[in-house]
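Encoded as structure tokens, the structure appears first; notes follow it.
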Amino acid sequence: MHIFSPDDPVEARAGNQVVLQNLRTKTQKYIRSSRGSGIGFITAHPSKEYFAVGEKGKKPNIVIYTYPSLRPYRILKGGTEVAYVFGDFNRTGTLLASVGSSPDYMLTIWDWKQEETLLRSKAFAQDVYKVMFSAENEEHLTTSGSGHIRFWKMALTLTGLKLQGALGRFGKTAVSDITSFVELPDGKVVSGTEWGNLLLWEGGLIKVELCQVGRKPCHEGPVSQLVFDEGELYSVGKDGVIRMWNFEVVDTADHVDDTGLVEMEPMNELWLGKNVSLNFMTKILDHDQPFWYAQDTSGAIWKLDLTFSNMTHNPERVCTFHSGRIEAIGVSPFTCLMATTALDRSVRIYDFGSNSQLSVIKFNQGGTALTWAPAVVSFPSLIAVGFEDGLVRIIEVYDPKLLPNCEGQAKETAEINLKQVFKPHAAAVTALAYEQKGDVFATGSKDKTVFFFTVEDEYKPIGFICVPGPVQALQWSPPSHDKSTLLILCENGFAVQVPAPLPGKQDTVTTYHIKNLPTQYFHFYSIKSRIKVKTSSVIARREKEKQEKEKARLEWIKQQREMGLEVEETEEEEPEEEPLPPIYIPEEPSPILCGFYSAPGKFWLSLGGYDSGFLYHCEFSHDNEEDPENRKDEPFDVIPMEDTNDNPIHQISFCTNNPLMFCGMQDGSLRAYPLSVKDLSVGVLKDYWYMNVHDNDNGQIRGICCSHDERCLITCGGDGNIFTFDLWSEEEIPEKLPKELKVIIPPPRVNNTISFFCIFSIEENKQKKEYERKMKEAEEKKNKKREELSALRQDFVFLLQKNQELPKHMQLQREVHLAFMRIIYLYRHLLLKCCYISCWGQRCPVLWIKVKCITQTLLHKSESMKCVFVRLYAFCLEVQLYFVPTRHKSKPRDIHEDPKDAEEIKEAQENIGCYRLKTATNYTLTEDERISTEKKMMQLATLEDLIHNMKVNMNKEIVSLRDLKVSIIDEIKSLVKEVRSIQASLDVSEHLPIPLIPQLHPDEVPEKVVEYNSDVLLKFKEEQEAKAKLEEPLEGCPSSRAFRHVFLQTPPVEEGDPMAQAGDASAVVTEEAFEMEKAEPTEMELEVLKREKIKNLYLQETLIKKINTLVITFDAELRLLRHKKLKMDAQMKSAGLRCITCCEELLILKKLEIHEDLLEEQICAIINEQEDIQSKLKSYLAQIEDRKCEIVMLQEREKALHASFEASLGENNEFADFLTNILKTEVECVEKEEVGREADEENENEKEDDEKPHLKTDEENRGSEHVVFDNSICPEGCSQDLFLNTIQLRQQRISIEKALAEEKKVAADLKKEYNALAIKAKEVETSLGTTNRELEAFQWEKLHRLNELYVVVPLRLHQVIQDCLVDGEMPRDFSRTLVFTNQSLQYLQKRIVDLRNEKIMQREIHKKAREQHKQLLQDRKEMEMEIRQLEERCNHLMMEKFGRLVDFEAVQAHSVNIPMEKMKVRIMEKEYEHFVELKEWEERIVGLQHQLTMLTRENTSKLHQLNRFCHEKHQLETELESLTTGQVSLLATAVLGSVQKWVTDYLSLTSSLISNPDLQSEFGTG
């Protein structure tokens, strides 16, 4: 984009055109590309009198046009191969630099006025984006592009002027694509980056990388342009921000650390808003006010004021347009309105009669399809727009002035209103079409569906059908067809035809899917390869040979018959024919691009890919039973289209009034075929008009439309451009049509807007309602089952109560209860889980299988629960079990790792294949594995604590078992008493032996030794007395014997002893029974006695079994405890040995602790010192930054001082040089004390003159040609205040310079100290590393000392490998053995087998590789031998042919090219003709120049004569004026004299009347 001035147009490229548009008047002018292949760049000459246009295409040109005539002035040829990318004039405009695109990337320097190439060189091996001359040195220029920047200079060498380029090196900075750069006045270059920072280049290297404070990037995204204007640096970013930077800060920036980053703040910035992506801006002067025009790639041009003052204007959006390619276009059926949509989420309405945009509306998604409602629809002002999220919006275009109560209030010419929104698809909408009668509206999408709607006040869905591929286009049958059918074209080669569905005839209760609609399929099968074979030269030659042979045979037969000979016609054997090329069928079907109906059931197709280059005439077959995917349908007719093999037809449109067929091509060109007949044929489509309008690379035509009156043609392309063409000239316009196009905007509709937000598509919404219905039914079923479950629960509670009321022998056991509870719980669980329903109702049989298995496992437990299981089984049959498949919320990233895999990999890295012994020299200890005295003491204390806890726990278990024995003995005693009481009533023969009562051993109750009572004491006293009397020595300890005797003797029977009472009772009972035996018992008594006897026998047996069970249980517990005690004894022994080892290790560690503590103290001291140095380094860095800030502030003050001085001077001050010398004077001596402020100015000046030292200035040193003034005295004519102000400013400047020098000195000192500390930090780091290594060596030595200790390891015999045994016995020396875990040993043994197998496999691979290598060597030898034979044969043939060896390449290079020579001759002839013609023209020019000279002379003489006449006229007018003035003065004098005379007479007459009364009376009467 280039702008010459505010009133001049903007230059921009649009497809194959250069558009010059005036932003104020909106008028446009066009310049077409000279070759018609596209525009590469546009750049303006510094004088604004020319501009250069670099083109695209094969061998493109650069055309220099004059401005404003827009005529070609110069044409530059041969600068690149394919396309120009960028161009730039130097500052004086004498040279032009251009750079080409792939494949040559040629940089060319042109002397454009002479149309000559000065220098050229390859710019780089990748894409080059930009080239610019240096503003200061025209011999320097810079190029940048993909991952590079290059600095060029035009150097004079021994062989002439050359281009020398130095590639910029990024160094530590990441490589970036550079799209913008600017050169500073001192030769440095500032460039942008992809991440938004600025790079300062000096000498081909990056000096610093500039960013904002806090390491924030200068822009949030790539920097698109850098501008240096009037001492200020501007950066333009893709984030929509323009920032102004301090040039001096940028120019003097220097890095302070290794990162290379320098932080700075912008002086000013301007943010244009969200979704703004600036690409380029240029400056103009509007009424001496600077303004900038900026190009926004989001679709706008901005007018900006970058003065950053209080009067700054707000940014103004001058014009807007589509960003990116235009997806669809539609034209109004009744006026000159058109609508477009694109992926920039906008729909725009244009008046193509006046080339103006009327209205625009924005949405949340990009538009992909658009169509204007036809005239047959009741509201033709409606537009249907499809979007990439599957939505379709119906919008209305209306005139807001026609709204009620809005007359004269609306500002816009047209407005857009959203009428209805619906979502028929789940993917992007690709096609929209209205039925010819306007009753049905169809939409197609990439989701392989076509949806139908009824067109009423509100569009209502009919249903949808599924098609075999993504929909490319929809085409309704024309009105001439009997039936209304829809032609659906799919991207993957399918064409589908369906009739228009009837509204209300489809079942849409559960789904909108139409399944019974008659459908015809056509699956395109490629025939292009067969066509090529048929039209190939092989078949033509073969047919020609057959005809010649047949002709020769007939002539021979004729001759034989004329000679009277009979000829037998025999069939000749046909020779072997040359094989035809194979038929090629592409693996992937070619995409269908467009199509249209030709007759009912027949249609034309244009395809891309391999099958491009033809129009295919196809027909639907009536056999639709076959699977569409398996069909192979071929067209029955084809029309070859010229030059469309690599440039297929994407759009086709027809004009009926002027029978034309318009074709939009992939390369952006437009073709118009005149149609003489109705049907298409090869002859009809032979001739055509051709025009390149859109860009050849990305300008594929997306839409072609004719206006409502077919007066204009409109195209839109992938390059974002819209072109309109007049199909009729002014003479051809019918009389009924107006000469000028005038837009008529329709009135608004009366009904209200229908608008809502769509989340689901129509079918998804229907499925959602169906799902909610099913959920409601499931909820009702759940409630019903809950009621049944509640009734069952009540029944269960009632059954439990009844069960409790029954006698114990009739009650159900607890196991049955638990089983029943399980079933009830399972029943409830299934009830709650029975309605997990997914969106599509997929069933899962897993849960039912579990229920069935559980049921089968529980059924065998109780027959009484079968009824419950039957009910549960029936319930499970009724319940619908569903599940929702679990999915990830989002796709895992490519770098995502499974945590389990990461843990396994980490474990493998740490353990697999690394079994280093602690005695190894390369064994290293981690920080956690290091052993210290504290750790060892904690370990020892922990071990002793564990030993103590284990012993305490064992003692508790022994005591608890002893207590259990005591309780068992008591229980056995009671049981024995009960058995004896029972046996008393039984016969002796029926008595069972009573088990012995266990007794406690004295060692089991050691606490009893210290217990005593009065009987024990009395007994002890008696024993002592008897001992004293007998005086006999007693063995052992009497006290102990006494205690034991007392303890072990049977205690006396007390009165309340139940056993004694039981014995007495039994005796009484026996006596009574004996007495009763004397009387004969009755039958009833015998029966009772019998029952009592049975009961007593049962009780006797039960009690004895219980006693035996108690004893057996206790013995089992005792054996378990004994085994546990033995195991614990072994552990205690091992723990004791471990304690001994720990004590020995502790002694060693205590000996080595002093040296270890010393090393650790050294490390701590070094670390503290390192931290101290780091803190000092940070403080020094902060001080350096503060000094730099102070220096910047002082520099700003100095600039402000100079600015105030310049402001005080004003413009055209004759003492400016003198006062500037005073300001720049350097005072050499120390300043004197200031003079009192109260003294007057003269005394003060005299004192200052006395105290003023000798001053030296640069001006005095080099002399001056002007008048010399005394610097201490104010010269005459100079303002005294200005002089004193200059003196004061000089003093301030000197103080600022002194402060600046001091700050720089302080900064330099801080830098030195910082460097010294940095060196010291490195030394400290080295010392720390050395000490750490010493500590590691000491740790290894300590570990070695600990490893020398012997450790006892208890092993079982089965843990010793048989290889280590000596004659089947344990070896005495285990020093050569190794203790290893079984798992690790098994892994190593398995690894041995794996390695053996891997070794065998590698050997086989190596064997095969060797055989292959041998074969390759053999093949190589054979090939070399064949090459030598061929060379010898070639040399032999050359010797036979030429007599010597000849270099054919040299011969071919020097051979005469006859066509070239002919062309040279023709060129010479043409040059001679042109020379003669040029000479004639020069002679004519000389004659015309002579005539022009004569006419000029004649004109000059006439001008001189005219000048003389004018002079004479002026003199005459002067004389006439003087004469006129004199006459007027004479006339005035005469009149004045007569007036005076009349006055005198009047006065005299009056006086006479007064003096004479007679005369008064006479006059009075008269």
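Using a 1.4 angstrom probe and counting only protein chains, how large is the accessible area of Ile349 in Å², to 10?
Rounded to the nearest 10, that gives 0 Å².
Tell me the accessible surface of Ser621 in square angstrom (1.4 angstrom probe, heavy atoms of protein chains only), to the nearest ten.
Ignoring ligands and nucleic acids, Ser621 comes out at about 40 Å².
In bins 5 Å wide, starting from 0, what share of all Cα pairs of the range 605-728 does each bin hold, as a percent?
Final binned percentages: 2, 10, 19, 20, 18, 13, 9, 6, 3, 1, 0.
If you wrap a convex hull around the C-alpha atoms of the range 616-684 and split its volume per residue, what is the figure in Å³?
For the range 616-684, the hull spanned by Cα atoms encloses 133 Å³ per residue.
Show me the GluC sites (Glu not before Pro) within the range 204-289 that DSSP assigns to loop and that have at most 14 other Cβ atoms within 10 Å of their Cβ.
Those satisfying the criteria are Glu220, Glu230.
Using a simple spin-label model with points 7 Å from Cα along the Cα→Cβ vector, what separation in nm is obtained for Ser790 and Asp482?
6.8
Expressed as a fraction of 2.2 N^0.38 Å, the rule-of-thumb size for a compact globular protein of N residues, what is the C-alpha radius of gyration of the range 1471-1544?
So the range 1471-1544 has a normalised radius of gyration of 2.79.
Over what distance in Å are the Cα centres of the range 980-1025 and the range 1096-1132 separated?
One Cα centre to the other: 21 Å.
Pull up all non-local amide H partners of Cys712: gap of 5 or more, or a different chain, and H-to-H distance under 5 Å with H placed in the peptide plane.
Hits under the 5 Å cutoff: Ser707, Leu727.
In whole Hz and in residue order, list the ³J(HN,Hα) couplings for the range 1474-1488 that follow from phi through the Karplus curve 6.51 cos²θ - 1.76 cosθ + 1.60, θ = phi - 60°; x for Gly and Pro.
5, 5, 5, 4, 5, 5, 4, 5, 5, 4, 4, 5, 4, x, 5
Kindly provide log₁₀ I(q)/I(0) values, in the same order as q = 0.13, 0.17, 0.20, 0.23 Å⁻¹, from the Debye equation applied to equal alpha-carbon scatterers of the range 411-492.
Summing over Cα pairs of the range 411-492 leads to -0.46, -0.72, -0.91, -1.10.
How large is the translational diffusion coefficient of the range 1376-1504 in µm² per second when you combine the Kirkwood radius over alpha carbon pairs with Stokes-Einstein at 37 °C and 0.692 mPa s?
Result for D is 126 µm²/s.
Rounded to a whole number, what % of the accessible area of the range 1420-1520 do carbon and sulfur atoms account for, probe 1.4 Å?
Carbon and sulfur: 60 percent of the exposed surface of the range 1420-1520.
Pairwise over distinct Cα atoms, reciprocal of the mean inverse distance: report the Kirkwood radius of the range 276-401 in Å, one decimal place.
Answer for the range 276-401: a Kirkwood hydrodynamic radius of 16.5 Å.
Principal axis lengths of the range 455-553 from Cα atoms, whole Å, largest first?
Projected onto the principal axes, the Cα atoms of the range 455-553 cover 78, 29, 22 Å.
Once you treat every alpha carbon in the range 103-257 as an equal point and sum by Debye, what is log10 I(q)/I(0) at q = 0.13, 0.14 Å⁻¹?
Results for the range 103-257 at q = 0.13, 0.14 Å⁻¹ read -0.61, -0.70.
Arranged from highest to lowest average of other beta-carbon atoms within 10 Å per residue, in what order do the peptides 663-672, 238-247 appear?
663-672, 238-247
What residues qualify as long-range amide H neighbours of Ala433, i.e. H under 5 Å apart, gap of 5 or more or another chain, H built at 1.01 Å from N?
Under 5 Å from the amide H of Ala433: Ala442.
Can you work out D for the range 69-191 in µm² s⁻¹ from Stokes-Einstein, where Rh is the Kirkwood radius over C-alpha pairs, the temperature is 20 °C and the viscosity is 1.002 mPa s?
142
On average, how much accessible surface per residue is there in the range 1405-1449, in Å², for a 1.4 Å probe, leaving out ligands, DNA and RNA?
Dividing the accessible area of the range 1405-1449 by its residue count gives 102 Å².
List, largest first, the extents of the alpha carbons of the range 950-1031 along their principal axes, each in whole Å.
Between the extreme Cα coordinates on each principal axis of the range 950-1031 lie 55, 48, 20 Å.
In whole Hz, with x marking every Gly and Pro, tabulate ³J(HN,Hα) for the range 277-283 from phi via Karplus 6.51 cos²θ - 1.76 cosθ + 1.60, θ = phi - 60°.
Values per residue, Gly and Pro as x: 10, 7, 10, 7, 9, 9, 9 Hz.
Could you please tell me the mean projected area of the C-alpha convex hull for the range 1-134, averaged over all directions and given in square nanometres to one decimal?
7.6
Quote to one decimal, in nm, the extra length available between Val1306 and Thr510 on full extension: 0.36 nm per residue of separation minus the C-alpha distance between them.
278.0 nm
Using the Karplus curve 6.51 cos²θ - 1.76 cosθ + 1.60 with θ = phi - 60°, what ³J(HN,Hα) values do you get for each residue of the range 435-447, in whole Hz, with x for Gly and Pro?
5, 4, 7, x, 8, 10, 10, 10, 10, x, 9, 6, 7
Quick one: which residues, 5+ away or cross-chain, put their amide H under 5 Å from the amide H of Asn61? H built at 1.01 Å from N.
Glu55
If you take the alpha carbon radius of gyration of the range 359-507 and divide it by 2.2 N^0.38 Å, what ratio comes out, to two decimals?
For the range 359-507, the normalised Cα radius of gyration comes out at 1.12.
Using per-residue counts of other Cβ atoms within 10 Å, averaged over each peptide, order 1467-1480, 62-75, 932-945, 1114-1127 from highest down.
Top of the packing list down: 62-75, 932-945, 1114-1127, 1467-1480.
Mind ordering 783-789, 33-39, 110-116 by average Cβ neighbours within 10 Å, highest first?
Packing proxy ranking, top to bottom: 33-39, 110-116, 783-789.
Could you compute how fast the range 203-298 diffuses translationally, taking Rh as the Kirkwood radius over C-alpha pairs and applying Stokes-Einstein at 20 °C with viscosity 1.002 mPa s? Give it in µm² per second.
The diffusion coefficient I find is 147 µm²/s.
The values are calculated or read from the model by the stated rules, or taken from the named source; none is laboratory data. Small disclaimer: the values here were computed from a predicted structure and weren't measured. Ideal geometry is used to build each Cβ from the backbone, glycine not excepted, and the neighbour counts take in all protein chains shown. Ligands, DNA and RNA are excluded from the accessible area calculation, which covers all protein heavy atoms including side chains. Shrake-Rupley method; radii C 1.70, N 1.55, O 1.52, S 1.80 Å.
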